[in-house]
1. For the range 1-110, what is the convex hull volume of the alpha-carbon atoms per residue, in Å³?
2. Sequence gap at least 6, Cα distance under 8 Å: using those rules, report the relative contact order of the chain to the nearest whole percent.
3. Once every Cα of the range 127-212 carries one equal point scatterer and solvent is ignored, give the base-10 log of I(q)/I(0) from the Debye formula at q = 0.17, 0.19 Å⁻¹, two decimals.
4. I want to verify the translational diffusion coefficient of the range 265-313 in µm²/s; compute it with Stokes-Einstein, Rh as the Kirkwood radius over Cα pairs, at 20 °C and 1.002 mPa s.
5. With everything on Cα atoms, drop me the angle between helix 330-342 and the longest principal axis of the chain, reported from 0 to 90° to the nearest 10.
6. In nm, give the distance between the simple-model label positions of residue 80 and residue 385, each being 7 Å from the Cα along the Cα-to-Cβ direction.
7. Mind checking which of 285, 152, 320 has the largest fluctuation in a GNM of the chain, springs on alpha carbons under 10 Å?
8. Please compute the volume of the convex hull spanned by the alpha-carbon atoms of the chain and report it per residue in Å³.
């Protein structure tokens, strides 16, 4: 069969799709990837065939302007809020709607080109990142089944609907109406790589899938395989904070690295080239690695501290690494809480780490517990075993073929 994969963003929404694309290709199917221009280098770097669709100017500005500026500086939301949208305040509901409208704007930029690609190439199946709304539209226009893949978040965050319910946002319905379709079409199934013990329910049919870490290609440095003389702690802050908040978004990283060094552990700071230019002064003995894929680094680490990105969290989970999560946005907060409930990690509020006068001690205490309490290590190992027990992407390719044949 021909399988068209599509995403709007790189890397956080691209990388989770790559293992399934590889699995389809290895099974003998023809695979093509359609993404916004910024995603094309990552697609090609993964050894896949890319087609650019739409335009992606000012995506960072869209994420940091207007109502969405508040998304990056939130206090704690209600527990398990995707399952209990009734617990959300009107301001929180409106913030979710603003996020959905942003994705609709992105879909508007992509959809005409994507529909044209589908019409020319005639895939049998579309596998779309769940937040790439243009994929759902293109499949509906062509009458082709669409499988939506989650990026690792607990539960299904249906930003395209009002208050995460069943009623579509007007902007989402308009994406379908422009092609003469009366109503949005749900995906045929969801590929879900979140471990079951961290996950929340959903009414949509799901295909549980093992999370296979992919954070781009890279080289393992010689020091990584050397026996560590002290505990090694990875500190990473994703890519969104620096893009949206600049150097100020990396300030908590300095406090965290200082706490790691104060415990006698070895801090390893994993950053992009752009982030490295923004790094504050760090303690002596800190090792900084640039653009090193986490799947190459984390097997050599005893713990990780990060901002709560799903790809980072599930990569650490796959390798049984205890985690300290310091989230600032609602989705990472949700993930951090679900991870902490398994015992495989701890969480501290971002505003505490960034501004509380006792932050250094709170961070040090949490890290000390991760490094010395065997309960955290045991829980992290159990989470890795749970992930490994899920069907691999290769095992799910026949299920995708069956959906395409309907």
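1. On the way: hull volume 14.6 nm³, N = 110.
Normalising the Cα hull of the range 1-110 by residue number yields 133 Å³.
2. The value is 16 percent.
3. Results for the range 127-212 at q = 0.17, 0.19 Å⁻¹ read -0.68, -0.84.
4. 181
5. With both axes taken from Cα atoms, the answer is about 60 degrees.
6. Result: 2.5 nm between the two label points.
7. Ranking 285, 152, 320 by mean-square fluctuation puts 285 first.
8. Details: hull volume 52.9 nm³, N = 406.
Taking only Cα atoms, the chain has a hull volume of 130 Å³ per residue.
Each reported figure results from applying straightforward, stated rules to the coordinates on display, with no laboratory input. Note that the structure is predicted; figures quoted are calculated from it, not measured. Note that we place each Cβ from the backbone using ideal geometry, even for glycine, and neighbour counts take in every protein chain shown.
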